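The values are calculated or read from the model by the stated rules, or taken from the named source; none is laboratory data. What you are looking at is a predicted structure, and each value in this text was computed from that prediction instead of being measured. Cβ placement follows ideal geometry from the backbone for every residue including glycine, while neighbour counts extend to all protein chains displayed. Accessible surface areas use protein heavy atoms only, side chains included; no ligands, DNA or RNA. Shrake-Rupley method; radii C 1.70, N 1.55, O 1.52, S 1.80 Å.
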Amino acid sequence: MLMVNYDELYYKSRFYWVWRTFILWIGAALGFLFIAYISVGLSVDSWETAFVAAAVVGILNTLLWPVLSRILLPFMVLTVGVGSLLVNGALIWLASEFVGGVTIEGAALVLTPIAMSAISTLLMGLLTIDDDAAWYRSIGKTVKKADEEDVKDTPGVVFMEIDGLGKNVLMEAVKRGDMPTLKRWIEEGSHKVSGWETDLSSQTGASQAGILHGNNEDIVAFRWVEKENDNKFMVSTGLSDAPIVEERISDGNGLLSGNGASRANLFSGDAEDVIFTFSRMKDVGKFYNKAWEYVFSNSSNFSRIVSLVFWDAFLDYNSQLIHRLRNIKPGISRGLFYPFIRAGANVFLREITTLAIIGDILKGETDVNYVTYLGYDEIAHHSGIRDEDAFHALRNIDKQFHRVEMASYLAHRDYKLVVHSDHGQTNGATFKQRYGYTLEEMVKGLLPDARIFADMSPSTGDHFSVAFTAPVDRVKGLIDDVDETNYLQKYKKEENDEVEPNVMVLASGNMGLVYLTEHRSRLTYEEINRLYPDLIPGLSKHEGIGFILVESNEHGPLVIGNGGTYYLENDTLDGVNPLANYGPNAARHLKRTNSFKYTPDILAISLYDPEKNEVAAFEELVGSHGGLGGEQSFPFILHPSEWNIPDGLIGAESVYQAFKSEIVKLNREGS
């Protein structure tokens with residue numbers, strides 16, 4: 001695959017490595033002095049002592065970390081890395097026993113290694129010391145220890161998904177120079193770019209179900225209601241719901257079945273080797289595995305990640321200020337704590353999963369790896385799909401691809417690298433920003449006597465915290481088999497906690513779902529008009545709604561817009577075509593969604609303005625996906641040139657079939 005000579009590119013003289021070690025030593029010593037200055041439990045009597053202590057810590061790490069990291073690996077993993085900081089702190093305490101004038105206790109045991117790593121990273125950045133050279137050298141050392149005798153003849157495959165990146169934005173990022181690794185692959189001819197079109201709904205739950213399991217039937221949105229199951233409220237990322245969904249869609253022949261590994265995905269693809277995989281998150285036995293060895297192979301890895309998390313949070317605070325000063329529109333309020341949620345997706349999971357993937361490649365045991373990089377999607381939701389924040393995230397994701405490429409170059413086994421996305425996003429001011437009220441409030445106005453439960457919250461954010469807290473909570477025994485329907489309780493009428501809602505209004509990007517839950521089956525167009533005569537006209541004639549989908553006894557599925565009706569059953573039209581702006585395959589997608597078991601009584605899609613390329617999301621997000629309209633439905637696949645991946649595949653299940661076919665070919669050729 002590679003035309004670049006990495007050995008030549010990253011050759012550095014002995015003087016370079018001495019210089020780099022010296023800078024790391026200075027950074028560690030300054031970290032000591034900084035923590036001592038803020039008085040949180042570390043005291044150092046002089047700067048000379050700080051330098052001596054930093055040197056002793058470095059020596060102890062070199063001697064003891066390889067042994068301690070292996071023995072204490074389960075502890076480090078099940079504390080989601082905090083354990084490694086404590087071990088670092090213990091080594092600093094041990095160094096203080098050898099160096100007079102240093103004492104350490106309390107919070108300093110955790111903060112000191114973070115400060116040492118943060119300042120070292122800052123210094124190397126300021127002095128433009130080549131971090132990739134250090135990565136390459138580190139990977140090379142690990143490869144030398146690997147066993148070449150049992151290397152498999154068949155190439156391994158690594159699928160790297162960029163969550164939420166549309167094909168158009170990818171090509172813009174490549175042209176801008178934000179993704180030099182991918183640009184080189186394309187220019188060298190090792191890879192080609194193919195576009196594909198998502199199902200409805202265009203969101204990770206439906207797309208990853210289709211790509212990883214070849215089946216996304218009945219996944220109507222990010223969240224939905226199951227009338228037949230006592231109006232159970234389902235969420236794609238629910239700790240109890242994701243396993244249920246996977247059980248429904250899996251036939252045991254997922255993309256990662258046999259000998260695959262899942263890293264930071266929603267579903268497992270039938271892999272047994274999983275890290276940060278939502279459908280297996282409650283099983284602590286699945287969370288811990290040997291893939292974590294490379295993550296904690298270096299004493300500074302985790303403290304470096306933590307320091308980068310704080311830096312990324314600072315960048316978001318700075319971004320919020322810039323957006324306000326420049327009055328960048330559309331925009332949303334991100335809040336005080338959001339920057340750390342962003343950093344969790346954009347930095348923490350990114351760095352952890354890259355290290356895990358590199359470890360997998362160097363061992364050469366797993367045949368197919370699949371990892372999701374969440375940072376772009378998270379940032380584009382809040383800043384915009386073409387904001388500088390979003391392109392900055394892509395630059396850092398591209399660095400991960402470069403590091404994975406380095407590992408594949410050095411590994412004893414050959415690897416095929418694939419980069420793709422599960423959906424795109426479409427920008428636009430939200431429905432509430434445009435009209436002053438939410439879809440929930442609009443439905444309430446049309447049904448004044450209804451008891452409404454609504455979830456219009458962004459389908460992003462809080463679920464990232466689950467990735468960090470779930471393993472720890474599970475170990476503590478704090479996670480029980482919680483039914484997500486309990487989530488409804490806080491939305492009941494305060495004056496009467498016994499009264500259940502009879503209307504549920506949900507959002508998935510610019511898709512709105514209205515469930516009339518007093519009725520145990522989906523109501524028809526005729527029944528809705530008889531029971532709720534204002535509802536269909538009120539929704540379909542609103543300027544912010546492009547169309548609604550309902551089922552008619554007489555005519556089958558109907559797509560109703562302000563100026564016309566599209567009859568899906570026989571593809572006929574009465575009046576203005578409500579699907580005109582939503583692409584040539586809109587009717588096809590709606591027919592399929594209409595056949596799903598959990599399709600709402602009324603499915604609404606917001607306006608789409610093709611001139612401005614904007615939708616009006618029902619969630620409070622700048623960039624959104626989950627419905628129809630614009631770039632949200634058009635992701636990409638960057639694949640090896642010899643692979644037969646047609647341009648224009650429709651549906652995630654088609655992507656699964658294409659990927660699975662290429663894996664089968666590789667296995668056949670190697671046998």
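For the reader, a short list of remarks on this structure follows.
- Normalised by 2.2 N^0.38 Å, where N is the number of residues, the C-alpha radius of gyration of segment 502-580 stands at 1.08.
- By accessible area with a 1.4 Å probe, ligands and nucleic acids excluded, highest first: order of LYS232, LYS329, LYS597: LYS329, LYS597, LYS232
- Convex hull (Cα only) mean projected area of segment 338-428, reported in nm² to one decimal: 6.0 nm²
- Here MET281 sits with roughly 0 square angstrom of accessible surface, probe radius 1.4 Å.
- Shape parameters for segment 86-229, alpha-carbon atoms, Rg then Dmax in Å: 24.2, 71
- Computed over the Cα atoms of segment 133-204, pair by distinct pair, the Kirkwood hydrodynamic radius stands at 15.9 angstrom.
- Shown is the FRET efficiency for ARG668 and ARG395, computed with R0 = 25 Å from the Cβ-Cβ distance and rounded to the nearest 0.05: 0.10.
- Carbon-plus-sulfur accessible fraction, segment 162-309 (probe radius 1.4 Å, protein heavy atoms only): 47%.
- Solvent accessible area, Å² - SER319, 1.4 Å probe, full protein context: 10 Å²
- Of the DSSP H helices in the chain, those whose Cα atoms cover at least 15 Å axially and whose Kyte score averages 0.5 or more: 14-37, 47-71, 82-98, 108-126, 349-363
- Shape analysis of segment 555-671 yields a ratio of the Cα radius of gyration to the Kirkwood radius, Rg/Rh, of 1.07.
- Counting only heavy atoms of the protein chains and using a 1.4 Å probe, PHE51 has close to 50 Å² of accessible surface.
- For segment 265-313, applying the loop criterion from DSSP together with a ceiling of 16 other beta carbons within 10 Å to the trypsin sites (Lys or Arg not before Pro) yields LYS290.
- For segment 153-276, taking Cα atoms only, Rg and Dmax work out to 17.0, 56 Å respectively.
- With 10 Å bins beginning at zero, the pair-distance distribution over Cα atoms of the chain amounts to 3, 15, 25, 25, 17, 10, 4, 1, 0 %.
- Annotation for segment 332-373: trypsin sites (Lys or Arg not before Pro) lying in DSSP loop with at most 14 further Cβ atoms inside 10 Å of their Cβ do not exist.
- Centre-to-centre, using Cα atoms only, segment 506-557 and segment 411-429 are separated by 36 Å.
- Average accessible surface area per residue within the chain, 1.4 Å rolling probe, Å²: 40 Å²
- Shown for segment 22-165 is the translational diffusion coefficient from the Stokes-Einstein equation, using the Kirkwood radius over Cα pairs, a temperature of 4 °C and a viscosity of 1.567 mPa s: 75 µm²/s.
- Segment 550-598: translational diffusion in µm²/s, Stokes-Einstein, Kirkwood Rh over Cα pairs, 10 °C, 1.306 mPa s: 145 µm²/s
- Cα-based radius of gyration of segment 60-134 once divided by 2.2 N^0.38 Å, which approximates compact folds: 1.24
- Alpha-carbon Debye profile of segment 198-337, log10 I(q)/I(0) at 0.22 Å⁻¹: -1.16
- Over the C-alpha atoms of segment 290-444, the Rg to Rh ratio, Rh being the Kirkwood estimate, stands at 1.07.
- What you get for segment 305-408, charging only the Cβ of Lys and Arg (+1) and of Asp and Glu (-1), is a dipole of about 480 debye around the Cα centre.
- Kirkwood analysis of the Cα pair distances in segment 163-210 returns a hydrodynamic radius of 12.2 Å.
- When all protein chains stay in place and ligands, DNA and RNA are ignored, the 1.4 Å accessible-area order of ILE92, ILE322, largest first, is ILE322, ILE92.
- The chain - mean residue ellipticity at 222 nm from DSSP helices (-39,500 (n - 2.57) per run, n ≥ 4, rounded to 500): -14000 deg cm²/dmol
- Computed over the Cα atoms of segment 1-96, pair by distinct pair, the Kirkwood hydrodynamic radius stands at 15.7 angstrom.
- Value of relative contact order over the chain, rounded to a whole percent, pairs C-alpha under 8 Å and six or more apart: 20 percent
- Largest-first ordering by accessible area, 1.4 Å probe, given options ASP270, ASP153, ASP414, ASP283: ASP153, ASP414, ASP283, ASP270
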